[in-house]
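A short worksheet on the structure shown next.
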Ligand code: F6R
């Protein structure tokens, strides 16, 4: 049963403490400041690989909350080139990785076994290597091998440290002249939109004026399916899904148009027979009507079909720059997923199943 006024009873930190003993929402509120700090983190440039060697592709290797920053980087590289970024979420790197590949190993803890294995592959392939971490074995490896590395502040759940894990990657690519764009203005715009969202979606804004609390309430008891209308919104839809999985401890699914229109759209024919309680969230962009009017029509028709069996909500990106639009959508998910965790009465920080799995694997040696 939904407790009616939970979301309006958590305005002060003391009142939140019972629902959120490890302070996930406080970390969410500090996210704009985290991003500001992260954009200024110092790189140690190392002497391991020659910066004279031409870089022809980039692989970001990491998992979960550390990998998603690589997805954001890929979206920017797709827009501002000149070379492709691939995100690797596995033990091994693709066999084409070689000395012309920049491999960025991203692990917040620095101890994720898949990432540690992948950096060994990178070293064997004589790739150029850069590391973003808060410490652990990855920091030791980077220092010993003289790889370029950025050491970010530690001590919080990786998924709440996306700013720390992403912005140093952006500044590193800027340092290596691997993006044909100046980001200073975009970063300032992003930070100011994040600060504004924190004010508008924060715990002291009551439900009737707070879209994040309203969406969390609407999603209570539902299985969220998050659709990106196109492009970077697909990556952000996956982030929303992961935040519902990790913060709220619920099943959630994501996809992106136009691909969804060629297969998953048919799932809505019988979806009600599988479960009666789906809810769809469309992540939209204010520019899509100029960039691709056909996408707008696709969203309209898809919405019309899904509304026959499930409610459909829309969340709109904010800002001019791609960076701001992407991060505005990312940030809204942090609030919605934590508020929904409060409604379910689960601790947003808890990741006991992940810890259990990692402990079982550790027994293998
Ligand atoms: C936990 C989280 C996870 C981790 C993942 C990899 O908050 O977000 O998805 O990010 O288990 O661990 P790290 O990021 O330490 O390499």
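Figures for the structure shown
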| item | result |
| --- | --- |
| Computed helical MRE - 222 nm, the chain, DSSP H runs ≥ 4 contributing -39500 (n - 2.57), nearest 500 | -14000 deg cm²/dmol |
| Gaussian network model of the chain, Cα within-10 Å springs - most flexible of 135, 155, 345 | 155 |
| Contour excess over end-to-end distance, with Cα ends at residue 274 and residue 175 and 0.36 nm allotted per residue | 30.6 nm |
| Between helix 232-243 and the chain: long-axis angle, C-alpha atoms, 0 to 90°, nearest 10 | 80 |
| Percent of beta bridges antiparallel (DSSP, the stretch 33-181, rounded to nearest 5) | 10 |
| Convex hull volume per residue in cubic angstrom - Cα atoms of the stretch 254-312 | 78 |
| The chain: angle of helix 293-306 to the longest principal axis, Cα-based, in degrees nearest 10 | 50 |
| 5 Å binning of all Cα-Cα separations within the stretch 33-181, expressed as whole percents from 0 upward | 2, 11, 22, 26, 23, 12, 3, 0 |
| Peptides 120-126, 157-163, 90-96 ordered by average Cβ neighbours within 10 Å, highest first | 157-163, 120-126, 90-96 |
| Cα-projected label distance for residue 266 with residue 52, points at 7 Å along beta-carbon direction, nm | 5.8 |
| Protection-proxy order for peptides 18-28, 355-365, each taking the mean of Cβ atoms within 10 Å per residue, highest first | 18-28, 355-365 |
| Percent of Cα-Cα distances greater than 28 Å, calculated over the chain | 45 |
| Shape call, the stretch 108-155: gyration tensor on alpha carbons, a/c limit 1.5 | oblate |
| Mean Cβ neighbour count within 10 Å, used as a protection proxy, ranking 142-149, 175-182, 319-326 highest first | 319-326, 142-149, 175-182 |
| 0 to 90° range, to nearest 10: angle between helix 352-362 axis and the chain longest Cα axis | 30 |
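Since every read-out is calculated from the coordinates, none of them should be taken as a lab result. Predicted model, so just to flag it, every value in this text is computed and none were measured. Glycine also receives a Cβ, built like all others from the backbone with ideal geometry; neighbour counts cover every protein chain displayed.
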